[in-house]
């Protein structure tokens, strides 16, 4: 049995791989990928945030976020610690290096956004965004 090119999952995953590749190639010289950049931006917007809340904001499982945060901690762009109302919860914050990486990556991310939009077309991209928000 072969995958039918009408399969939504197949088409979505193929498109995702191509788009992610655009961002990852552009960000690689900073030592991060687009998934890591997204987490860094969420952390920046949230300030000091728990892993649980970060997972909720990122629409990811907590274990996935935890693994990614460990990688980012190894890159010295985030720090972790205990605190808040539940001392069992791990809190994540950007380091000074993380703040600099986010600042340097932002215009690169914006160029990637523009590149993807120019490939698809701005009106089609608006339609796609509306569709994706429904899923």
Could you pull out every one of the helices (runs of 4 or more DSSP H) wholly within the stretch 60-135 that has 3 or more residues that are farther than 20 Å from residue 33 by Cα and under 17 Å from the mean Cα position of the chain (by Cα)?
122-134
So which residues in the stretch 65-85 are touching a strand residue (DSSP E or B) at 6+ places or on another chain (Cβ under 9 Å), farther than 13 Å from residue 49 by Cβ and surrounded by fewer than 17 Cβ atoms within 10 Å (Cβ to Cβ)?
70, 73, 82
Among the residues of the stretch 40-53, write down those that are out of contact with any strand residue (DSSP E or B) (no Cβ under 6 Å at 6 or more places or on another chain) and assigned to a helix (DSSP H, G or I).
40, 41, 42, 45, 46, 52, 53
Kindly list the number of the only condition in (1) in a helix (DSSP H, G or I); (2) touching a residue at least 60 places away in the same chain (Cβ under 8 Å) that fails for residue 32.
(1)
Look at residue 96 and say whether it is over 22 Å from residue 12 (Cβ atoms) and either in contact (Cβ under 8 Å) with a residue 24 or more places away in the chain or out of contact with any helix residue (DSSP H, G or I) (no Cβ under 6 Å at 6 or more places or on another chain) (or both).
yes
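Every read-out reported here was derived from the displayed coordinates using simple, explicitly stated rules and does not represent laboratory data. For clarity, every value in this text was computed on a predicted model and none was experimentally measured. Note: ideal-geometry Cβ built from the backbone for every residue, glycine included; neighbour counts use all protein chains shown.
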